[in-house]
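Colleague: First, the structure itself, so that you have it in front of you.
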Amino acid sequence: MNANWIKVFIAALFEVFWVIGLTHAHDVWTWMGTVISILISFYLMIMAGQKLPVGTVYSVFVGIGTAGTVFSEIIFFGEPFKTSKILLILLLLAGVIGLKWVTNEKDERKGKEGADS
């Protein structure tokens, strides 16, 4: 895995923070944390998208962010655990992993060449 994919995974982690922040922010400090998380998340995603195929980057970003948000809500905020919800999240993650898997180095280089032009 190269540095650009690491950026995507870190961006998705910050996506979890800002999505939770949109729901649970209640004062200036929590709103500032939410805004900072948005900025970091999108900055990293945009930087990775300049070197990798944008559609795959966005799909991985949203898929991991969605799964992380659902699991965080269950673990930290008392969201009800539903087997069907977990199975659907696992299906989503399987699709994200599949997209990453079928995006080969040729696709990554092609995305990089397009960004340099």
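Colleague: Given the condition modelled with pLDDT under 90, surrounded by 14 or more Cβ atoms within 10 Å (Cβ to Cβ), more than 22 Å from LEU22 (Cα to Cα) and in contact with an Asp or Glu (Cβ under 9 Å, 6 or more places away or on another chain), answer yes or no: does some residue in segment 56-64 qualify?
Modeller: Yes, segment 56-64 contains a residue that is modelled with pLDDT under 90, surrounded by 14 or more Cβ atoms within 10 Å (Cβ to Cβ), more than 22 Å from LEU22 (Cα to Cα) and in contact with an Asp or Glu (Cβ under 9 Å, 6 or more places away or on another chain).
So that you can scan it fast, the table gives a plain yes or no per residue for (1) touching a strand residue (DSSP E or B) at 6+ places or on another chain (Cβ under 9 Å); (2) loosely packed, with under 15 Cβ neighbours inside 10 Å; (3) at pLDDT 90 or above; (4) not in a helix (DSSP H, G or I):
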residue: HIS26; (1), (2), (3), (4): no, yes, yes, yes
residue: TRP29; (1), (2), (3), (4): no, yes, yes, no
residue: ILE38; (1), (2), (3), (4): no, no, yes, no
residue: SER41; (1), (2), (3), (4): no, no, yes, no
residue: LEU44; (1), (2), (3), (4): no, no, yes, no
residue: ALA48; (1), (2), (3), (4): no, no, yes, no
residue: SER72; (1), (2), (3), (4): no, no, yes, no
residue: LEU92; (1), (2), (3), (4): no, no, no, no
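Colleague: For segment 1-15, what are the residues that are under 20 Å from ALA67 (Cα atoms) and in contact (Cβ under 8 Å) with a residue 24 or more places away in the chain?
Modeller: Within segment 1-15, TRP5, LYS7, VAL8, PHE9, ILE10, ALA11, ALA12, LEU13, PHE14, GLU15 meet the criteria.
Colleague: Can you pull out every residue in segment 76-90 that is within 18 Å of ILE20 (Cα to Cα), exposed (fewer than 13 other Cβ atoms within 10 Å of the Cβ) and not aromatic (Phe, Trp, Tyr)?
Modeller: Hits for segment 76-90 are GLY78, PRO80.
Colleague: Could you run through segment 53-88 and say how many residues are free of Cβ contacts under 8 Å to residues at least 24 places away in the same chain and acidic (Asp, Glu)?
Modeller: The total comes to 1.
Colleague: Another question about this same structure. What are the pairs, 6+ residues apart or on separate chains, where a residue within segment 16-29 that is at positive phi has its Cβ under 8 Å from a residue that is of a type in the set (A, V, I, L, M, F, W, C) and loosely packed, with under 10 Cβ neighbours inside 10 Å?
Modeller: none
The values are calculated or read from the model by the stated rules, or taken from the named source; none is laboratory data. Please read all numbers here as calculations on a predicted model, not as lab measurements. Cβ atoms come from the backbone with ideal geometry, glycine included; neighbour counts cover every protein chain shown.
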